[in-house]
Structures are given as C-alpha cells and as structure tokens.
Amino acid sequence: MTRVLPGTLGADGRPATLGVMGGGQLGRLFVQAAQAMGYYTAVLDPDPTSPAGLVAHYHIQADYLAEQGLAQLMQRCSAITTEFENVPATALYTLGAQRPVAPSAECVAVCQDRAVEKQHFIDSGVPCAPFARIDSAAQLDAAPASLFPGILKTARLGYDGKGQVRVADRAALAFAWDALKRVPCVLERRLPLALEISVIVARHADGACVHLPVQQNLHRDGILAVTQVPAPAVGPALQQQAIAAATQLATAMRYVGVLCVEFFILEDGSLVANEMAPRPHNSGHYSLDACDVSQFELQVRCLAGLPLAAPRLHSPAVMLNLLGELWFDAEGQESAPHWAEVLALPGVHLHLYGKASPRRGRKMGHLTVTAADPAGARAVALQAASLLGLPAF
Ligand SMILES: Nc1ncnc2c1ncn2[C@@H]1O[C@H](COP(=O)(O)OP(=O)(O)O)[C@@H](O)[C@H]1O
Ligand SMILES: [Mg+2]
C-alpha cells in the first residue's frame, strides 16, 4: 500500500486529500482527525446537511453508486475509506481499482451480510451463536428446533436493533419472516447474556495490529447507551481472549483499517462473537478523550499507510450516547438539553455532530467523562445522566 504522508503537497499545490464514503458522525470524526494531521478531506454523501459534509474541504453530493460522484472522489483523493458498512460494495470495488481503499470492498462485503460474517467467525475459530440461514420457505421448515427461542435478523442492512424479531417457536418464525418481507435472514438462538463488550482493532497493510482496551457496553432498545472503560465486570483473561479473537478476525481476512467486533459474555462466562463493523464504532468514541491515539486517528494512519503506535488509555472513561429524545421537554416541545449544568462537572467532554433536527433514537452526540479512577468517572457520569434525565446504569 502506498503511503500518503501528511503535509505533502499535490500537483495542485494543496495538501494530500483523504476521502470517506458516507457523511454521518463517524465520517465527521474521521475528517476532523485527518484535518488535525494536515490532510485535506473529501466526503461523498447525497445529503447536503450531512455532519461530515459540513466540515470537510470537499463535499461531493452524489449517490453512492453515481459514476460521476465516484469519479470526482477518485480525482480528489489519494486514498479512500468508508464510515458505514452499507456503502454498496460495488462502489468500493470501483474506487479500489484506481485508488488505495481501506477497508477493501471484499472485507466490507463480509461485514454486510450476517450469514457470511458468521461463516467468517466459524472459519477463524471464533465461537458465535448457533444459527441457520433463512432464505426460503424450505429453510424455514428445516430450521433446527435447537434454535428456539431465537432472534430472526435480516442478513443485510440491520442496525441499532432494526430488522430483528424475537421468535418463540416455528409458528412465530413464519410470522416474523413474513413481517420482514421474506428477505434473506439468519435465525440465531437467543443466548443468556451476562454482558456485552466490544474490541476495536486496527490493522496496517503490513500486517501489524494494535487495539483499544476492551469496552463494556450497555444497550437500551437495541441502541448503544453507555460504554465503560476499563470494562468493570470483565477479568483480564477474558479481555485477552476477546482481543485475540478480534485480532484473529482482522488478520484472517487481511483486513486493513479499523475493525470493531461486538461480543457477548454469556452467563457461564464464555465469549461469543456477535457482529463486526468495518469502521470505527460508537463504542470507541471515548478514545477521543481517554486514549493517546483515538480510533479515528488509527483509521487515518491505516488509510495513509502510516505507522501504528499502540494506543494507551490515559484516563478511565464513561461514554453516554445523546439521542434525539433529549432535545424534547416533558410536553414534547423541542428544547436543547441544559449543557451548562453538565459542563460544570469535572472531566466532561461534549461532542455534538451538527445534526439540525433531533428525532427519537437519532444519535445527536455523545458525552465522555474522564477521571483519575473508574469510580470517579462513573460517579460524574451518573450525575450527568441524572441532569440530562437519562436512566442510571
Ligand atoms: N443471539 C442473541 N441472544 C441474545 N441477545 C441478542 C442476540 N443477538 C442480539 N441480541 C441483542 O440485540 C442487540 C442487537 O443485536 P445485533 O446483532 O448487535 O444487531 P445490530 O446490528 O442492530 O446492532 C445486541 O446488542 C444484544 O443485546
Ligand atoms: Mg450490534
């Protein structure tokens, strides 16, 4: 992979440009990290108000498959990454033929399909929930009884708990598959979860891997709500096992870039891989304030072929997600949260993504609390949650 060194000027006299497919908050945080290192940045996203498009040097407003938009992005950029996994893999193939693209279209394609993703877990020797593909009525009838009670998930395009139905038995499964419009799905056995964690690894084109510390995650209504680091309820052996599994998953597909692997820890203490994201992840946002190298700087370094230094957690941290419902008062009127009170607390770092219209469940920003010790971070995060009207954790 070619290196795109920071500060080098192109033929047009401008600094080298790094591009990103997708203009959401992850793209915005990538753009800001790239800009901090002196790069120019380009975003391709059809939305004129996309969070990343608003802060990039170039915003190409085009559909992800529009030939002209892709041509413009290639013309502008020395290397290109992605910020969400549902960028059509074909667009990444097109870009990859002319420019370094990381992660590759092949790796993104694995993460785009839950059945292919689970096969990658199995092939890499990493345990996952027992599952069956449900692509046809025959497969529905043949689903093993051991998968009930289960969860039916669409194979593609699911996120934040969307595209999932819990099914108690075969009759419920048939009903649920109809409700999901009979698109290709996977049926997974519902597992007894003790808790959920994630691991972010970054892999360089030369094969070197680094990782962030294990994150302990709490979801509400299928959406990440709280991340705590260090993970308060996970022992060192299990943490090492999760880091080794995430590294193995990246290495086995010769992945280049930042990869997040979500795991379940079951009631019996065993570790099970759930899903992968071929990009930085909401559960890694704390790294902006609590680590000496953030997940977004790792993404920049991987994309530009720069050396990867192992990140160090310098402060224990708690991250609270800020969803759109916080922008409404008890009467349902729109009103911004009381930031002044929250920001008066020690070690609070507020990040807002520049989204104009709040909606229920929409990720508007996050708040990271750092402190000298985990108990201190938790205490302040609980105070912040209470001021914002969020439940305790
Ligand atoms: N097999 C399972 N057993 C128990 N809980 C599950 C299972 N699969 C998913 N869940 C729960 O649903 C949440 C969302 O599922 P996930 O597969 O991660 O989908 P998404 O892409 O929406 O994040 C998980 O974080 C977990 O809390
Ligand atoms: Mg998930």
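The values are calculated or read from the model by the stated rules, or taken from the named source; none is laboratory data. For clarity, every value in this text was computed on a predicted model and none was experimentally measured. Because the Cβ atoms are built from the backbone with ideal geometry, glycine has one as well, and the counts that use them run over all protein chains shown.
Within this structure, Ala168 fails the test of being closer than 30 Å to Gln239 by Cβ, of a type in the set (Gly, Ala, Ser) and in contact (Cβ under 8 Å) with a residue 12 or more places away in the chain. The residue of segment 309-341 that is nearest to Ala16 (Cα to Cα), among those that are more than 20 Å from the chain's Cα centre (by Cα) and either assigned by TED's automatic domain parsing to the domain that holds Val31 or surrounded by 14 or more Cβ atoms within 10 Å (Cβ to Cβ) (or both), is Ser315. Of the residues Ser287, Ser270, Ser283, Ser294, which is within 16 Å of ligand 1 (Cβ to nearest atom) and either closer than 23 Å to Ala102 by Cα or buried (at least 23 other Cβ atoms within 10 Å of the Cβ) (or both)? Being within 16 Å of ligand 1 (Cβ to nearest atom) and either closer than 23 Å to Ala102 by Cα or buried (at least 23 other Cβ atoms within 10 Å of the Cβ) (or both) holds for just one of Ser287, Ser270, Ser283, Ser294, which is Ser283.
Within segment 1-19, the set of residues being in contact (Cβ under 8 Å) with a residue 12 or more places away in the chain, surrounded by fewer than 23 Cβ atoms within 10 Å (Cβ to Cβ) and not in a loop (DSSP other than H, G, I, E, B) comprises just one member, Pro15.
Can you tell me which residue within segment 130-162, out of those that are more than 16 Å from ligand 2 (Cβ to nearest atom) and of a type in the set (Asp, Glu), is surrounded by the fewest Cβ atoms within 10 Å (Cβ to Cβ)? Ranking the candidates gives Asp141 first.
Of the residues that make up segment 193-213, is at least one of a type in the set (Asp, Glu), more than 16 Å from ligand 1 (Cβ to nearest atom) and not assigned by TED's automatic domain parsing to the domain that holds Val293? No: segment 193-213 contains no residue that is of a type in the set (Asp, Glu), more than 16 Å from ligand 1 (Cβ to nearest atom) and not assigned by TED's automatic domain parsing to the domain that holds Val293.
Reported count of residues in segment 203-224, each being surrounded by fewer than 18 Cβ atoms within 10 Å (Cβ to Cβ) and not in a strand (DSSP E or B), is 6. Taken over segment 209-224, the criterion of being in contact with a Gly (Cβ under 8 Å, 6 or more places away or on another chain) and away from ligand 2 (no atom under 16 Å from the Cβ) is satisfied by Leu212 alone. When restricted to residues that are touching a residue at least 60 places away in the same chain (Cβ under 8 Å) and either assigned to a loop (DSSP other than H, G, I, E, B) or among the aliphatic types (A, V, I, L, M) (or both), segment 355-370 contains 3.
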